[in-house]
Structure formats: C-alpha cells, structure tokens
Protein chains: 4
Amino acid sequence: MEKFIYAPEIAKLGHVALVTENLEKSLWFFKEIIGLEETREVNGTHYLRAWGDFEHHTLSITAGETSYIDHIGWKAKRREDVANFARLLEDAGTEVRWIAAGEEAGQGEAIRFELPSGHRFEIYFDMEKPQAEESRKSVLKNQVYKAWAKGVSPRRIDHVNLQTAMDNHLIVTYLQETLGFKLREYLVNADDKQVVGWMSVTNLVHDMAMMSKPSVEPNQMHHIAFWMDNAQDILRAADILSEQEVGFVGPGKHGISQAMFIYVKDPGSGLRVEIFTNSYLIFEPDWEPIKWTYKEYQKNGSTYWGDRRRDDVDIQAVKA
Amino acid sequence: MEKFIYAPEIAKLGHVALVTENLEKSLWFFKEIIGLEETREVNGTHYLRAWGDFEHHTLSITAGETSYIDHIGWKAKRREDVANFARLLEDAGTEVRWIAAGEEAGQGEAIRFELPSGHRFEIYFDMEKPQAEESRKSVLKNQVYKAWAKGVSPRRIDHVNLQTAMDNHLIVTYLQETLGFKLREYLVNADDKQVVGWMSVTNLVHDMAMMSKPSVEPNQMHHIAFWMDNAQDILRAADILSEQEVGFVGPGKHGISQAMFIYVKDPGSGLRVEIFTNSYLIFEPDWEPIKWTYKEYQKNGSTYWGDRRRDDVDIQAVKA
Amino acid sequence: MEKFIYAPEIAKLGHVALVTENLEKSLWFFKEIIGLEETREVNGTHYLRAWGDFEHHTLSITAGETSYIDHIGWKAKRREDVANFARLLEDAGTEVRWIAAGEEAGQGEAIRFELPSGHRFEIYFDMEKPQAEESRKSVLKNQVYKAWAKGVSPRRIDHVNLQTAMDNHLIVTYLQETLGFKLREYLVNADDKQVVGWMSVTNLVHDMAMMSKPSVEPNQMHHIAFWMDNAQDILRAADILSEQEVGFVGPGKHGISQAMFIYVKDPGSGLRVEIFTNSYLIFEPDWEPIKWTYKEYQKNGSTYWGDRRRDDVDIQAVKA
Amino acid sequence: MEKFIYAPEIAKLGHVALVTENLEKSLWFFKEIIGLEETREVNGTHYLRAWGDFEHHTLSITAGETSYIDHIGWKAKRREDVANFARLLEDAGTEVRWIAAGEEAGQGEAIRFELPSGHRFEIYFDMEKPQAEESRKSVLKNQVYKAWAKGVSPRRIDHVNLQTAMDNHLIVTYLQETLGFKLREYLVNADDKQVVGWMSVTNLVHDMAMMSKPSVEPNQMHHIAFWMDNAQDILRAADILSEQEVGFVGPGKHGISQAMFIYVKDPGSGLRVEIFTNSYLIFEPDWEPIKWTYKEYQKNGSTYWGDRRRDDVDIQAVKA
C-alpha cells in the first residue's frame, strides 16, 4: 500500500482561557455554582475542567484589569499537525507564535495565532490527562471525577460560539479551508446572505459557531457551552441558579442543533455559559449543510420552544 | 502543499439486515413497539429507520426459514473508499462480492465480505436520504420524522455487538488494521487474555463491540442498539414494554461505556435490541484503551447499577 | 363513643363539562394530541378520561353554538353529602337543581348550582369506574389504561383555574365556608387586596384557583390542568405540540405551587389546558396560607423560571 | 345546622426516631449522602428534615448501644385529637404515656403507645415549623430550604414500611378501626390469607405498609421512604450512591403503588431507606382496596420492572 500523507487536522475543542476582572466571583460561579473541578492553580491561573473532561483543563481563569477571552485552544489530531498547521498558516501570511511546553500548565508545545476575525486560537497536541485526587476520583475507570459533587455539574466542555463584525461567508470559508471545519447548519438574512455558521470537526453538530453582526466589537465570544447528559439536568440547573439568584435565559430548545439550553453569565467576567444537552450527532461524511432562512430561524430555528428572551452583552475575545 | 493520499476509512455504522422467521411479529415489534418508521418495502424487504436517522434505512427486515443477520452495513468516508477497501481486502486474500447499485434499495454500489470471525460486512458510500412523507415529516429542517409518533421512539441506530468463538485479540487487531476501528475499552479474563473489545470509528465509545466466547456458534450477534436522548426515555420504554408483556432486562447502567440500557428481544426473530442512552464521547486522538479486569467488570464494568440479570440466547449472524 | 356527625365534604375534583363550537377539532386535540381515552359516547357527548383516572369521565365534550364550560363536577366524600350540600345551599338561598341518575352518563344522582361568581358546580357521589376494554387495559391492577398510548398522555385530571369579576376575598370565603375548601396560597395586589386564591380539599396545593380580574366576563375558566409524573414528560409534550404546530406557552416553573407547566389551547373550543407536574403536597392540618405580594408574584411567584409569556383570551364558564 | 362531632384523625406521618449504634456514620449517611438538613441538635439528638419538609423534624437520630426505631410520630388533624386518641386507646386497654411539650424538641404535648404488633407510635399535633437559616433558605416562600444543596436531596418524608410476626388482617383492622387508616392495596398468600396491607390517611397510596412474616422479630421496620420529584432523580441517586460505594437495590418500579424505588441502608444503623418517586394518588372516598394474589405479586406487583434483588436484614422497631 502507498504511504498515506495526511493534511493537519483539528481533533476537538480543547479549552478556553478566560481573563476576569473579578477572580473571586468567577471562581465562585464556575466552581460552586456550575460545579467545575479545579485541577490545580499555577501562578494565579486556575485550571478547571468538568468531571468528565479527560485533559488537564477545559477552562482557565486568570485575574485581569478587564474581562476578555485570551485564547481558545484546539487539540490537533497528531503531534506533527501542530508544526504542519504552523507552516500552513505562515505560508498564508498569518503570524504564528510558539508557546513553549509548560508555558500553559499541563500543555506541550503549541502555537497561537489570530483569525482574520481577530479571535486568538491555540493549537496543541500534548496535554496531560491527570487523574483526580483520591477523594474526588470516580469509581469508574473511564471517568475522572465523581459526578454531582457540587452545583450544576456538567459532564464536559461542548462548544464555543464566537461573534465577529466580519463577513460570515469569508470567515467560515477560512475556517473550513485552513482549519478543516465542516459547515453543518447556517443562517442567511433577508438578503440571502450567510450570517451564522455552525461548524464541527467532530460528530457534534458544532464545536464552534461563528455569528456575524455588524454592530459588534471586532471579535467577541457569545458563549462557551458545557454538556449535561439529560434534559432533566437542565431543569435542575434552573432550580440551582434560581436559588442562587443568578439570572439566566431558558430553558428552551433550539431548532438549529436540536439542543436544550440555559444561558447564564459568570457574574465575575460577564462570560455567558450555555448549559447544553440533547442535540444530535452527524456521522454522515456527505452531510449537506442545512440552510435556515431568517423567517425559519425566527419561527423554529433559534427557539423551537421555551424562553425566547435574549440578552445582548457579550464578552470581548482578545484584549483591545 | 503536497497532495494528500488517504487510507480508506469507515465513517459510521449504516444498517443491519435482519432475516426473520416471523415477519409479522418482527414488523409489529420494530414498528409498533420500538416505533421505527418504514421508509418503504421493496420485494418483501421492509426498510426501516428511526425518526432521526438520515439515510434510507438502518434496519431491513426480510422473511426467511430461520432468523439470522444477513449483513451489517458500514458507510465509507469517501466514495472511492469502497473500491479501495475492496482492493485492500482482496490483496489480503479476502473474497469480496460487489453489490450492484439498487440491489439493496436506496443504496449505491457496495461490497460484501466476511470477517475472519464469519460475520458478513457490507461497505457502501452512496445511500439515499429520503425525506419523510408530509404527514410524518418533522417541522424541523434537521430532523426527518416527527419524534414520539409510536412506541419507544428512539432517535437513531447506535451500535452493534457481535459474538465470536475466535480469539479476541486476533479479531480486534484485524478490525483495527483492516477497517480502521480504534479500541476504546476492553475486557480481559482471569488469565489477562483479552475477551471483549469496544471499538469505534466515530466519537462514540463504540460503534461495534466484539465479544469472544468459546461456547458460541462461530458468529453471532448479541444485539443491535438504538439511541434515545434521555435516561427518562429508557424508563418510559420499560413502561411500554411491560404493558405489551414483552420481557426485557434492565434498566441499568453499564460502567463500560457509562450507558443506561434495556435489552429486549424481537419476538419474531430473537434479535436482541438494546435501548441505549447517556454514555460518553471520545474526542481524544491519543485515547488510551481502558482495560477492565474480570473482577472490575463484575463489580462495576458490566452493570454499574440496576438489573443484573443476563439472558444468553443470541441470534446467528450469517446463515450456516 | 358518641356517634359522630360530619359536615358534608368535597372529596375531589371530578370532571369538567365542555361545550365546543368545533367538536371535531376538540376531539382531535384531546384524544390524539393530549392523548385522553374515550370511555364512551352517549347522545353526542364524548366522555373522556386520562389513563390513570378511575372514574367514568374527567372531561366531557359536547358540540354547541359557542364554546363554554357547562359545569364543573365535584365528588362528595359520602353519598349523603350530596343531599346535605343541597340542604345547606338551599338554606343559604341558592337555587339547587337535581340531576337524575344517568342524566350525565355514568353518574348517580347529583346537584347543580351556581356560585356567587356565576360558575356552575355539580356535586355527585356515585360514578361508575369502568374498566378499560381488553386492548387498552393496563397490565397493572391499580391502573385503568396502558400509559403512553397516544400523544402527551397525562396520568389524571389535576385542577381547575377559574376567573371572576367578583371580589376575591368574598368568593374565596364562600368556597371555604360553603364547600370546605382550604386556602393554600394567595396573591394580593399593590393595595394589599386579595386577588387570587389557590384552594384545595385534598393534599394537592390546589384543586381550584380563583382569580379576580375586574375586566373579565362575569365568569370564566382560565384553564383545566392534567397531571404528568415527571418534568421530562412536559418537555416531551413540548416536542409533540411543536410538531403538531399547536402553539403553547412554556415550559416554565411556577413559584406558587412549585409546578412545572405548559399552557396550550384546544383549537376547537379555545379552552386552555395546563400540562402540569412536580408541585408539592400539603399534609399539614395547621397550614398557614402563604401570602404573595404582587412584587413577589412578579419576581418568583408566577414564573419562577422559564417562558414568561402570557396569553389572555379565556373561555366563558356557563353560557351567557 | 347541627354541631358536628368528629372522630379523632391522623393527618400525616410526622417523623421517625432512630437510635443508631454508629452516630457518626448515620449522620454522614443522612446528611452528606441522602442530603437531609439538620434543623438542630438537642442533647445529642440530631433533628433532621428534607428540604421540603415543613415541620421541625422528620427524622431524629440519637446514639445508642444497639440500633432500633424508638418511635414513629404521627400528626393529629386537630389539637384535641391527641387527647381524644388517648381516651380511645385507654378505653381499649392500651397503655398511653404522655410526652410533655418540649420533651421531644420542637414538639408540643404528645402521646406514645404500642401497637398490638409492638411498634411504638407517637401522636402529636403541635410542632414548630422553623424557617431555615439565611444561607440555606429557599428564595421561594413555600419551600423551606434550597433544594439540591447536597447528595441525593429528596423533597420530603413519604412513608414507613413495618414488619410484624402478627396476623396481618388483625393488625391492619386495628390500624383501620383505632387510627383511621384506609386500606389501599393488599397482598394475599397462596392460601388467600392477607399478608401485607398498604394504608393511608392522606391521598398517598400509603403512609404506612404493614408486612406480616412469621420469621421476623416481633416488630421491625423494613424501611422509611423519602420522596423525590422525578424518576430521573432516582437515577442520579444511583450514581451518587455508586460513587460513594454504598450498596443499594434498584432502580426498579413497583406494580403495587406504581412507584420507582431504590433501597439503600444507612451503614450506621442498618435502617433501610427507600428513595421513592412517581406512584399515584387516591382521591376517591369510595376506593376499593386492590387485592394482589401472590402470583400477581411475583409477576408485576412487587417489581413491575427493574432490579429484582432483595436483601432481608431489617432493623428492629422498639428495643427488646
């Protein structure tokens, strides 16, 4: 058989690096209310993950003057893909910065670069998969921490939803061609112009959504999502958030992605978190992206049923 | 950039072709009780799928003298992978039979061949994705049929679980090397010898399990699984099956795969069906297969909690 | 011991008699979508009940020129209570009409009378408890029909919610003193004047709510509620209603009563139906009614979380 | 109208007083794992209740040489019923001991006496309904504590299940005639002799079950049950108990009472706890007790579906 030569590929969403103007509140929110576990703290950065996340961290939180997303980390499929992505990006004129192994705790050598939309991405391959300490460790060999230890208690990180002032077709095409994302569903406006794309490299409907809005700051994050196993868990989350008097939108069900949701904001940083479940998986290699017109979006696509309110203050991605 | 040359790959489990000695009972069970939709009937073969399955069929049912599994269909990742797999298999001395487009309704050109374990696999790429007729069609653009029309109403096919008298390491290595399956979890017996492997080509923990048992017929199918979105749906299934006086095992939760289950048999053919939910997804490209000793399997691995009964009569795969 | 002499008492909400201007649509809605079972039809009146209702009917539907509630039936605690209530009511100047056994199918001798608010109540004791026919009968000895046969499939009738232009304190006091209802929770307006009372004769928080609104027709019904066992069942109902394009409000959770809800209207008659679950039970004989100020009502009392929309067109109770 | 004279009545199950040979373990189990709240500790007795229990305590735990149930408390319907019950019992030759107000923390004057089966009952009317302290208090006016603070987190006490060596018909008749319990469902053995009765004074199917077994100690408690709102909550409980390696039986669904269950034992005292949900309510004053033959009990009555294992070591009620 011939030797196979593969294009570099992204395997999955790895983590989000959050800078918060109120570290104490953000830690309270993510650890006590959402119920993430803290792997460890290194030099003031708190490395968190959900009970079912295998890697060292899926959310890092660091104190800062203002709140913003420092970067979004993606795991490459093969170790050599990191350098191959670097080469591809530099060939295309993108500035690439190498991050030494250990500069981000638990992580091997990685690269960081900015999308044309200004969002900063990181690509890594090596990442520690630390076990939980004895008292928090699951009795199951395929699960890191015990579930249900505190708060909402989601299983794992699910996806990110980004906002840009850029033309949607342009940035989505970039993500498809440069990073290998596949477009799964998309929304067009009244002029039949694409304004949102839901994309994935996995069997999820989306690892990332990119929403174009003329009015937004050049680059923003609309939300980071954590996955729960059951719709009922979303209702329990609603009870917990209500008792803590942390306001939220939902529950409801999206038509696009078929997912049940609650949106709640970290009171420390303003980062919106989607508590997310159900949805569907795409196994088809010949998937045809599903087009939603704005009319369809308003009827069924955005909110299939449930709470239809919106709140529109989003967190900036990459500090100005 | 260099031109990339890819090994042929399997994208997903496609369908199971069941032959039943009691067509009427099997159709009652799968259509009325499980609640699969019938895409159409062609020459006595009934092509069924769940409400969230996109392709033409995920289960076909045909009348026969005895009940058995005729073949298990897998969708290739690219159209050319079908011929590439044929070439690879023939090079390795495996007999490959070409199935003309349309010989199996809805399906393009495909190949069929037998595993060393005697199970017959089919690999195809082209498959119709018919819409539902108006009265059964979902109002959602990303969903084929309305959910909850009848019976248990699972979303989609999930996986197959096969049994063999062959050495487990041998057959699992074959599946890894020839077809690209990745081993996710495995069980060893008291002599530290591998006896079951859970494997996938997708982000699921398993698209297929292969269980070795010296006592079984050369090749058997332990079960086919259908996915539901919520644990509560499994409990509703238990109510429905109890009311219909169709016996079942469960509900319970597996440690391996972390899935909630019910096992119920088609009274027509004897084919065991797992109604399956929760579980976890594997996004890590550097996943280390999780080893379960027999002691761990008995404690947590097989039944983490719930109904621990077993029934051991399985359906033959491929007619003798 | 002395012989005990008991005041007449109401044991439970029995049924609602609906007149609809579109019988076909109302039957489609209640039988196919909500999934009530039809006990039988007598002289054009369809007698329905949920799968877990024991008595002959909990909802009757009859065609009429306009849609309205003909009467609301309550079951007395003892057979002699029917006549005792008649005597009490007549002594208080209320006109009482006797309904002969069988005039309403399945029912023994009963009385009908109008509340000061104009709502027509019926009190009966004897009511057939017919078994289901063989094909629809539950395998359980304590359950009438198989659950999950069709549509939303609630277990039983739960409560009624009435509207009046009358002073709330007056009508609630009447219901307490004449019929023995206990006040469980109540709402006052900005002037500290009671405007809604939730009342029960059972351990439920409410068998009946009475809401006073100056603007309403003298007597109206806001909704009739059916009970489901699990919150997840409400979400399944939302899927079913959405697929049938029957609009609804919810899901959400009330603070008052702590119940999860969906409100959906019968497209035939306009009668609003609450699909209702969770809530709490009151076993305390020394229960102090819980007072909600309008501010508390707006914050947590009405909608604790979820869909906060309201629709305000209600069905008339008793034909003008 | 004539003055009404009422027989004394029991309104509800109040609490269970547990003596444990391992206080530390019992407190860990009931507070950390089951997730009951501690109202307060008085003289070494810990007064606990679930987040939705209104009265001062529903379970009290005191250290002792051996583990046993000291008494089971029932709340009378009216204050004067306590003395009226005392009079009735003494007239029937039963020894009645008066408990002074405050002798049991939070409680007013009460009586204690032994059933013919040897189980010790307490009847009280006055009981404090303390609010929760600020940090644990629910934001809802009709709920005491925030839900989901710790562990399984049931809403409220539900029922007790007692065992006796006495003839079942005799003891059930006693409970009906002396204390006003209504028989809801019952089991007969192969000789058509009643062996178990499920009884209630509320709309629940049972506030108490009494099971006769020739082999048991004269008086035992099989279990105390706590209620959860949803079936899904039982599955979450199974996860939590499994992670804590506290063995349990279930989940499953009883035919009798139609309730989903898990049975788990307090490792401190050996008291079995049923985590209980769903079930049905009985509003009918003319309810005919449902008879289950032993054959029906084995088929559907005991375990309708799910885990059918039994464990048979029960805790003694009243110290020998």
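The values are calculated or read from the model by the stated rules, or taken from the named source; none is laboratory data. Keep in mind the model is a prediction, meaning the values are calculated, not measured. All Cβ positions, glycine included, derive from the backbone under ideal geometry; neighbour counts span all protein chains shown.
Annotations
- Checking the stated criteria, residue C:283 turns out not to satisfy the condition of being crowded, with 19+ Cβ neighbours inside 10 Å, closer than 24 Å to residue D:155 by Cα and touching a Phe, Trp or Tyr at 6+ places or on another chain (Cβ under 8 Å).
- Number of residues in segment D:147-199 that are within 14 Å of chain A (Cβ to nearest Cβ), among the basic types (Lys, Arg) and under 15 Å from the mean Cα position of the chain (by Cα) equals 1.
- Single residue of segment B:302-312 satisfying the filter (in contact (Cβ under 8 Å) with a residue 12 or more places away in the chain and either out of contact with any strand residue (DSSP E or B) (no Cβ under 8 Å at 6 or more places or on another chain) or within 17 Å of residue A:144 (Cβ to Cβ) (or both)) that is surrounded by the fewest Cβ atoms within 10 Å (Cβ to Cβ): B:302
- Options D:264, D:246, D:216; residue that is of a type outside the set (S, T, N, Q) and away from every other protein chain (no Cβ under 14 Å): D:216
- One residue stands out in segment C:1-45 among those that are under 30 Å from residue D:180 (Cα atoms) and of a type in the set (A, V, I, L, M): the one that is modelled with the lowest pLDDT, namely C:1.
- Any pair with Cβ under 8 angstrom, 6 or more apart, that starts in segment A:221-233 at a residue that is in a helix (DSSP H, G or I) and crowded, with 23+ Cβ neighbours inside 10 Å and ends at one that is modelled with pLDDT of 95 or more and among the acidic types (Asp, Glu): A:231/B:229; A:232/D:233
- The listed residue being among the aliphatic types (A, V, I, L, M), within 14 Å of another protein chain (Cβ to nearest Cβ) and more than 14 Å from residue C:289 (Cα to Cα), out of C:139, C:205: C:139
- Scanning segment D:229-243 for residues that are more than 8 Å from chain A (Cβ to nearest Cβ) and among the β-branched types (Val, Ile, Thr) turns up just one, D:234.
- Residue count for segment C:58-89 under the criterion of being more than 14 Å from chain D (Cβ to nearest Cβ) and assigned to a loop (DSSP other than H, G, I, E, B): the result is 4.
- Residue list for segment B:173-218, restricted to those being in contact with a Lys or Arg (Cβ under 7 Å, 6 or more places away or on another chain) and either basic (Lys, Arg) or part of a strand (DSSP E or B) (or both): B:186, B:188, B:198, B:199, B:200
- Restricting attention to segment B:130-157, the residues that are in contact (Cβ under 8 Å) with a residue 24 or more places away in the chain, among the β-branched types (Val, Ile, Thr) and touching a helix residue (DSSP H, G or I) at 6+ places or on another chain (Cβ under 9 Å) add up to 2.
- Considering residues of segment A:50-85 that are surrounded by fewer than 20 Cβ atoms within 10 Å (Cβ to Cβ) and of a type in the set (A, V, I, L, M, F, W, C) only, the residue farthest from residue A:180 (Cα to Cα): A:63
- For residue B:272, the test of being away from chain A (no Cβ under 14 Å) and basic (Lys, Arg) is passed.
Matching residues to (1) closer than 26 Å to residue D:201 by Cα; (2) of a type in the set (Ser, Thr, Tyr):
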position	(1), (2)
D:13	yes, no
D:20	no, yes
D:32	no, no
D:38	no, no
D:42	no, no
D:49	yes, no
D:59	yes, no
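- Yes/no for residue A:237 being part of a loop (DSSP other than H, G, I, E, B) and farther than 13 Å from residue A:302 by Cα: no
- Number of residues in segment D:263-287 that are touching a Leu at 6+ places or on another chain (Cβ under 7 Å) and under 23 Å from residue B:258 (Cα atoms) equals 1.
- Scanning segment B:200-226 for residues that are touching a Leu at 6+ places or on another chain (Cβ under 8 Å) and under 12 Å from residue B:168 (Cα atoms) yields B:209, B:210, B:211.
- Given (1) surrounded by fewer than 21 Cβ atoms within 10 Å (Cβ to Cβ); (2) over 30 Å from residue B:7 (Cα atoms), number of the condition residue A:36 does not satisfy: (1)
- Number of positions in segment D:280-320 that are more than 14 Å from chain C (Cβ to nearest Cβ) and of a type in the set (Phe, Trp, Tyr): 0
- Residue in segment D:104-125 that is β-branched (Val, Ile, Thr) and out of contact with any strand residue (DSSP E or B) (no Cβ under 8 Å at 6 or more places or on another chain) present: no
- No other residue among B:239, B:266 is surrounded by 24 or more Cβ atoms within 10 Å (Cβ to Cβ) and among the acidic types (Asp, Glu) apart from B:266.
- Test: residue in segment D:238-245 that is outside the structural domain of residue D:71 (by TED's automatic domain parsing), more than 24 Å from residue D:147 (Cβ to Cβ) and either touching a strand residue (DSSP E or B) at 6+ places or on another chain (Cβ under 7 Å) or in contact (Cβ under 8 Å) with a residue 60 or more places away in the chain (or both): no
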